[in-house]
Amino acid sequence: MIPRRLQRAGDLRLSRRGLWCGGRHYPCTIGKGGVRSDKREGDGATPRGVHHIEAMLYRPDRMASPAVWATPIGPRDLWSDAPDAPDYNSLVRAPYGASHEVLRRADPMYDLILVLDWNYGPAAPHFGSAIFIHQWRRRGFATEGCIALSRADLRSVAAQVAPGTRVIVD
């Protein structure tokens, strides 16, 4: 746990009340496996620790760019969640034979994604992949390990962050 005195202005902090950002708590949901220090692939847990925002991805066919540093999600964009693949926990493109998540989904959950640096570059096999901040399915509906917000709140948070912003999960 990071003592409050070591927090910096601009940090995001997950608390029991929600995701703290810019002086406000935003209601959010987390992984169905709770918050864990020993995150593993497929456990549904949100990893505890100090993470950083690595990238922002968005659907250009559904919204304008939310920030100058945001990257559009293309029709062939996927995220590898295959622990034994050399590109585990990274953006890949179709066709891709190993296990993956489709980023350009039919539903709006991945219209805007903040990619966290959990187990990122290079990734250790089986320690978890695709830990994002994204739109929730509905309030109270747990994720597979991500942090999820309403669409409006996600857009508000995205407008306040930059690459490297710390995300503190206690």
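The values are calculated or read from the model by the stated rules, or taken from the named source; none is laboratory data. Because the structure is a prediction, the values reported are computed rather than measured. Every residue, glycine among them, receives a Cβ derived from its backbone with ideal geometry; neighbour counts consider all protein chains shown. Quick note on the areas: whole protein, heavy atoms, side chains included, nothing else; ligands and nucleic acids left out. Shrake-Rupley method; radii C 1.70, N 1.55, O 1.52, S 1.80 Å.
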Taking chymotrypsin sites (Phe, Trp or Tyr not before Pro) as exposed when in a DSSP loop with at most 13 other Cβ atoms inside 10 Å, the chain has its longest clean stretch at 70-140
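Tally Lys/Arg at +1 and Asp/Glu at -1 over every other residue whose Cβ is under 14 Å from the Cβ of S80; what's the total?
Working: positive: R76, R93; negative: E41, D77, D81, D84, D87, E101.
After counting each charged neighbour, the total is -4.
Quick one: pull the percent of accessible area on the range 1-156 belonging to carbon and sulfur, 1.4 Å probe, ligands and nucleic acids left out.
That fraction is 53 percent.
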Those trypsin sites (Lys or Arg not before Pro) from the range 23-85 that are DSSP loop and have at most 14 other Cβ neighbours within 10 Å turn out to be K32, R62, R76
Taking a crude spin-label model, label points 7 Å out from Cα along the C-beta direction, the R76 to S156 distance in nm is 3.9
Under a 1.4 Å probe, counting only protein heavy atoms, V115 has an accessible area in Å², nearest 10, of 0
Given the candidates G34, G18, P60, the one whose Cα lies deepest towards the positive end of the charge dipole of the range 1-81, counting +1 at each Lys or Arg C-beta and -1 at each Asp or Glu C-beta, is G18
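Taking the Cβ-Cβ separation of R166 and K32 as r and a Förster radius of 22 Å, what is the calculated FRET efficiency to the nearest 0.05?
Numbers: r = 25 Å, r/R0 = 1.12.
Rounded to the nearest 0.05, the efficiency is 0.35.
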Counting only residues 5 or more apart in sequence or on a different chain, those whose built amide H sits under 5 Å from that of T46 are G31, G33, G34, V35, R36
Computed for the chain: size of charge dipole around the Cα centre, +1 on C-beta of each Lys and Arg, -1 on C-beta of each Asp and Glu, debye to nearest 20, value 840
P(r) of the chain over all Cα-Cα pairs, 10 Å bins starting at 0, rounded to whole percent, reads 11, 41, 38, 10, 0
Descending accessible area (1.4 Å probe), largest on the left, turns D38, D117, D11 into D38, D117, D11
